[in-house]
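Since the structure comes first, as structure tokens, the remarks are kept for the end.
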Amino acid sequence: MSRHKHDTAVPQSSRRSGAVESRRNLGSLLRAYFHNHQKIAAESFARIVAEPLQSVMTMLVVAIALSLPAMLYVGVSSLQQLSGSWDSSAQMTLFLQKGAKDQAIKSLITRLESNDELAEIQYISPVQALDALQDSGGFGGALTLLDENPLPPVLLVVPIADIEGDVPRVELLVRTLSSQPLVDEVQLDMKWLQRMQQILDIGRQITLLLGGALSLGVLLVVGNTIRLAIENRRDEILVVKLVGGTNSFVRRPFLYIGLWYGACGGVIAGLGVLLAQFWLGATVLRLAALYQSDFTLKGLGFDGVLVLVALGGALGLVGAALAVGRHIAQLEP
Amino acid sequence: MIEFDNVSKRYADGHEALSQVSFALDTGEMAFLTGHSGAGKSTLLKLIMLMERPSGGQLRVNSKNLNRLHKSQIPYYRRRVGVVFQNHQLLFDRSVFDNVALPLQVSGVERRDIERRVRAALDKVGLLSKEKLNPVQLSGGEQQRIGIARAVVHTPRILLADEPTGNLDPELSAEIMSLFEDFKNVGVSVLVATHDIALISTLNERVLTLDHGRLSEAATLVPA
């Protein structure tokens, strides 16, 4: 039988409609499948645009939930970068007794140079320290008011590389150095570093925890929005099921709506974080200049924004899937 | 094509809508299903659509026992059946074209085939010129014809209609019935539930009468 007769929408005989099924090969089905995805993605987006108020509110909730942990992440990784520049040094600062004689200091230095565990020794006299302080930090004016130099002589010592990370050996060294005459106090710079590392670890954990809790919030918000959308389109779902739509066909538009909400929320969150970075960046730069640091805010960057969009899209999709899975199977004509 | 073998349907509340109904409808055969309201007409159609499952007896369509059809297979089964509803069940958020295209979209027909077949179906019901309109803009009779176009666009082997002329004047009703006869003549099994005795009597088709869930068949029907 010729093909054109199918154009009549009426089968010529009951045997013919079986032929329609078998003639539709896999390629044609796949083309139709992808076209259907394309069409539904576009239609879902149009639906979102058609209800701007509701959509923008959902997207903003997603955006806020994503941008808070993202900003925290930016802060923590910026500080991480700051501490990273000190990472390798286990430098110690030896504060000597004020008013110690130059001769005595020199003999101390000679003694320390014979210590195998020290790689480098640098002497900073009170005068040098005062000069350095005057040059930096904006204390210049205040320092000229002092009658005498309040600063002690200082030795900066760097232990040999082996000793790094070996806590008992470092502690032994600190004790040896502390017991030297003239030495008032030994300050282990690494200790500050460790403390800062611990603070950063806590910061990272808080970021994860907050991110997890807010992600759960995104799932619930998107899920609830999708549940309402399903209720609104109840009649349509029933008709689609009656004409032979599978559950996955019925699910598809709602999954796309979830994906769009999430991804758009991610875009807004990304722009928000970039804006905050830009705004804070100038202030941070000024502050860093004040401390003669080349510290800059380590931004989110383009990759980071992409990650936010992907994360938002994934959360939206999962939230929609959770809502759709429960409600659509229950809706039967 | 459709075989009811002692089919009963008892709802969860104990109401027995159908009692031991047996009949067969052949390929290319048309029958009217009639009876008072609540006699079980809609239940019978719902069983064929698998919107309900029989509580007793066997229901076979195309020699396949529907009782054994798994839930996941129902969509694919429904694609071989066309249904016209009393309230036509059109979707007002899309055009006439998209309404008619729905059964083709769900079964993964390609776009260019969809266009061709939707236009053929609309042409058949005489509404090709209205494809871009929203169904809201159409009259009741036109909406019902769009519903028929949607029911036949995927060339089903079975066409069911539940009170298709419920709200229409006699002239429009006759027009719609003659559409159904056209489908019968090309080999579709057509089952039309209606209480419009006057209309049935003008057509020379088989009549199945339900009375409190029990089926009786009259060779000819005396006009009421």
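Regarding residue B:115, is this residue away from chain A (no Cβ under 12 Å), surrounded by fewer than 23 Cβ atoms within 10 Å (Cβ to Cβ) and part of a helix (DSSP H, G or I)? Walk me through how you get there before you give the answer.
Working: away from chain A (no Cβ under 12 Å): no; surrounded by fewer than 23 Cβ atoms within 10 Å (Cβ to Cβ): yes; part of a helix (DSSP H, G or I): yes.
It is false that residue B:115 is away from chain A (no Cβ under 12 Å), surrounded by fewer than 23 Cβ atoms within 10 Å (Cβ to Cβ) and part of a helix (DSSP H, G or I).
Of all residues in the range B:11-35 being in a loop (DSSP other than H, G, I, E, B) and within 14 Å of chain A (Cβ to nearest Cβ), which is surrounded by the fewest Cβ atoms within 10 Å (Cβ to Cβ)? So that I can check it myself, show each step before the final result.
To start, the set of residues in the range B:11-35 that are in a loop (DSSP other than H, G, I, E, B) comprises B:11-15, B:26-29.
Retained after the next criterion (residues that are within 14 Å of chain A (Cβ to nearest Cβ)): B:26-29.
Working: B:26: 13, B:27: 16, B:28: 17, B:29: 17.
Going through the qualifying residues, I end up with B:26.
Close Cβ contacts (under 7 Å, 6 or more residues apart or on different chains) running from residues in the range A:109-134 that are more than 16 Å from residue A:186 (Cβ to Cβ) to residues that are at pLDDT 85 or above and of a type in the set (Val, Ile, Thr) comprise A:113/A:121; A:129/A:154. Residue check: is residue A:214 in a helix (DSSP H, G or I) and assigned by TED's automatic domain parsing to the domain that holds residue A:286? Criteria met by residue A:214.
For the range A:286-312, what are the residues that are at pLDDT below 80 and surrounded by 15 or more Cβ atoms within 10 Å (Cβ to Cβ)? Give the steps one after another, and end with the answer.
Looking only at the range A:286-312, we keep the residues that are at pLDDT below 80, and these are A:286-300.
Selection gives A:288, A:295, A:297, A:298, A:299, A:300.
When the range A:216-249 is filtered for residues that are closer than 21 Å to residue A:55 by Cβ, aliphatic (A, V, I, L, M) and within 14 Å of chain B (Cβ to nearest Cβ), the ones remaining, listed by number, are A:229, A:237.
Pairing residues of the range A:62-74 that are at pLDDT 90 or above with residues that are not in a helix (DSSP H, G or I), at Cβ distances under 7 Å and at least 6 apart in sequence or on separate chains, gives A:70/A:300.
Please work out if residue B:165 is out of contact with any Phe, Trp or Tyr (no Cβ under 7 Å at 6 or more places or on another chain), assigned to a loop (DSSP other than H, G, I, E, B) and more than 14 Å from chain A (Cβ to nearest Cβ). So residue B:165 passes the test.
Considering only residues that are touching a strand residue (DSSP E or B) at 6+ places or on another chain (Cβ under 8 Å) and modelled with pLDDT under 90, look in the range B:77-95 and name the one that is farthest from residue A:247 (Cα to Cα). Only one residue fits best here, namely B:86. Scan the range B:168-188 for residues that are assigned to a loop (DSSP other than H, G, I, E, B) and within 14 Å of chain A (Cβ to nearest Cβ) and jot them down. Scanning the range B:168-188 gives B:186, B:187, B:188. Taking only the range A:97-125 into account, find how many residues are in contact with a strand residue (DSSP E or B) (Cβ under 8 Å, 6 or more places away or on another chain) and assigned to a helix (DSSP H, G or I). Of the residues in that region, 5 qualify. Would you point out the residue of the range A:8-48, among those that are at the interface with chain B (Cβ under 7 Å from one of its Cβ atoms) and at pLDDT 75 or above, that is surrounded by the most Cβ atoms within 10 Å (Cβ to Cβ)? Filtering the range A:8-48 for residues that are at the interface with chain B (Cβ under 7 Å from one of its Cβ atoms) and at pLDDT 75 or above, the one surrounded by the most Cβ atoms within 10 Å (Cβ to Cβ) comes out as A:32. Taken as a whole, the condition of being surrounded by fewer than 20 Cβ atoms within 10 Å (Cβ to Cβ) and either at pLDDT below 90 or of a type in the set (A, V, I, L, M, F, W, C) (or both) does not apply to residue B:104.
The values are calculated or read from the model by the stated rules, or taken from the named source; none is laboratory data. Keep in mind it's a predicted model, so treat the numbers as computed, not measured. Glycine gets a Cβ as well: all are built from the backbone with ideal geometry, and neighbour counts include every protein chain shown.
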